[in-house]
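**Student:** This is the structure, below, for whatever I ask next.
The values are calculated or read from the model by the stated rules, or taken from the named source; none is laboratory data. The structure presented is a predicted model; accordingly, all values stated were derived computationally and were not measured. Cβ placement follows ideal geometry from the backbone for every residue including glycine, while neighbour counts extend to all protein chains displayed.
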Amino acid sequence: MATEYSNLIGGEWVPAASGKTFENINPADTSEVVGVHPESGRADVVAAIDAAEAAFAEWREMGGPARGKILFKAAQILEARAAGVGRDLTREEGKTVPEGTGETLRTVELLEYYGGEARRVTGETFPSGQPNTFLYTVKEPLGVVGLITPWNFPIAIPAWKALPALVAGNTVVLKPASLAPISSYHFVNALVEAGLPAGVLNMVTGPGSAVGAEIATNPRIRAVSFTGSNATGTGLYDTVTGRNAKCQCEMGGKNPVIVLADADIDNAVTQVIAGAILSTGQKCTATSRVLVERAVADEFTDLLVGKVKAMEVGDGQREGVQVGPAVDQQQLDNILSYIEIGKAEGAEALAGGSRLTGGEYDKGFYVEPTVFGGMTRSMRIAQEEIFGPVVGVIPVASFEEAMDIANDVEFGLSASIITRDLNRTFEYINGIQAGLVHVNAQTAGAEVQVPFGGYKGSSTGTREQGNVAVDFFTQIKTVYLHFDG
Ligand code: UN1
């Protein structure tokens, strides 16, 4: 039996005003309805904004340390439930249970980190050019902020957007992705049980065309933070900034790994698989291009293809499965169409290249992890985000050529190099156009205490996570205090 979930508005768990609902399907077995959720409309968002506005003054007055304590308590509540929450995440999103549980524990870390940050929403003091003057800044909350979050990290991303907003004293309206709203429910519920006052954090599920549109256009929402596709993000950015509110968008990636001839090839293969294939490649930090020096290209490619072919694809709830299904039919179709585009462009699927069928595969959205050889830099599969377990290898003549190709895309989220050459490493760090730069490691993954975000088309430029995330959700007040009056 599918569990019924509600919106959270003003501290009450309530259905959509219309009473309408939608179903949340398990992508590993589409006969299973995992949850039934409110199909909210604009009126539900307006009610959430009313509640968030009503809660703002008291939340702001409470002060950072008291706010932080609630986060610490929520961290303990969520940690105690991590196994069950991770399994729910797998049932609605498809990633494996270790991935789902890992993401839940990352959310615990986010709660702990921002619980501490709540005490550090600081200003600065400055020497004044005038006598008897104390010149300083304070960071103040914006008011009610809106969050629109994706299905691929359905518990960590709502947390890493909501928490810096909350510790700075804002109140929040969250629209989680309709494909995976139970994970957000678990995050929100941990905060409610930890004593978050009514109305401070509100959650409204439903379609982007109504719930997202109201968040984007309602003048009472002073900032919107979004993670998702470039197509949605750029339109949203125009709408939100067009009404002079702040907008933060984290969008796509086309992340390269450069493998130099001196690399530890085993490690190169391990890191490329982790970045490209795990989480079914459904992450904006996924590795999608490997630029490998010709001297080791065959050795690297053979090893990569062998290991990818041996990977176990299946229901992420089953032990031993390494790669879960795509999240839904549309994502599966998109991945398969890019595989066909790659073949038509003249690339060769050295591993994978097809939908998986037969047995349990017929119940879900399964695709073979795919390695393309013969990819060239201008092919669509080398330029456009695929968002699936698909990676292409491009042999290169030199480090310089690798860097040139690495930067020759519209995105700039993450990158990695595998080498032991210190000079090349620093040239790469200096020249790579990416907001997240890895060395001898995979392109995905993010520690909670450091800034996260991209260059170029990947991001609107502000950063999530770390203490800088608070900047987006605050405004600076400069105070000139003359004490000779
Ligand atoms: C990660 O690499 O672990 O939506 C996080 C995304 C990114 C988060 C990636 N914003 O895929």
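**Student:** Do any helices (runs of 4 or more DSSP H) lying entirely in segment 71-186 carry at least 2 residues that are modelled with pLDDT of 95 or more and more than 30 Å from A2 (Cβ to Cβ), and which ones are they?
**Tutor:** Answer list for segment 71-186: 97-117, 156-167.
**Student:** Against the conditions (1) assigned to a helix (DSSP H, G or I); (2) among the polar types (S, T, N, Q); (3) crowded, with 23+ Cβ neighbours inside 10 Å, where does N430 fall short? Just the number, please.
**Tutor:** If we test N430 against (1) assigned to a helix (DSSP H, G or I); (2) among the polar types (S, T, N, Q); (3) crowded, with 23+ Cβ neighbours inside 10 Å, just (3) comes out false.
**Student:** Tell me whether segment 445-458 contains one or more residues that are more than 16 Å from the ligand (Cβ to nearest atom) and crowded, with 16+ Cβ neighbours inside 10 Å.
**Tutor:** So far as segment 445-458 goes, no, none of its residues is more than 16 Å from the ligand (Cβ to nearest atom) and crowded, with 16+ Cβ neighbours inside 10 Å.
**Student:** OK, next. Do the conditions hold for P207, that is, is it surrounded by fewer than 18 Cβ atoms within 10 Å (Cβ to Cβ), more than 23 Å from Q322 (Cβ to Cβ) and either more than 22 Å from the chain's Cα centre (by Cα) or within 16 Å of the ligand (Cβ to nearest atom) (or both)?
**Tutor:** In short, no.
**Student:** Going by what's in this entry, would A16 be described as assigned to a helix (DSSP H, G or I) and either under 21 Å from A162 (Cα atoms) or under 27 Å from the mean Cα position of the chain (by Cα) (or both)?
**Tutor:** It is false that A16 is assigned to a helix (DSSP H, G or I) and either under 21 Å from A162 (Cα atoms) or under 27 Å from the mean Cα position of the chain (by Cα) (or both).
**Student:** Go through segment 414-436 and give me each residue that's within 18 Å of V272 (Cβ to Cβ) and in contact with a Lys or Arg (Cβ under 8 Å, 6 or more places away or on another chain).
**Tutor:** If the condition is that a residue be within 18 Å of V272 (Cβ to Cβ) and in contact with a Lys or Arg (Cβ under 8 Å, 6 or more places away or on another chain), then I417 is the only one that fits.
**Student:** Could I ask something else about it? Assess whether K254 counts as being over 30 Å from T90 (Cβ atoms) and in contact (Cβ under 8 Å) with a residue 12 or more places away in the chain.
**Tutor:** The answer is no for K254.
**Student:** Of the residues R420, R424, R463, only one is of a type outside the set (S, T, N, Q), under 14 Å from the mean Cα position of the chain (by Cα) and at pLDDT 95 or above; which?
**Tutor:** R463
**Student:** Looking only at segment 270-313, how many residues end up being within 12 Å of the ligand (Cβ to nearest atom) and among the charged types (D, E, K, R)?
**Tutor:** So the count comes out to 1.
**Student:** Scan N430, N467, N440, N407 and give me the residue that is more than 13 Å from the ligand (Cβ to nearest atom) and free of Cβ contacts under 8 Å to residues at least 24 places away in the same chain.
**Tutor:** N430
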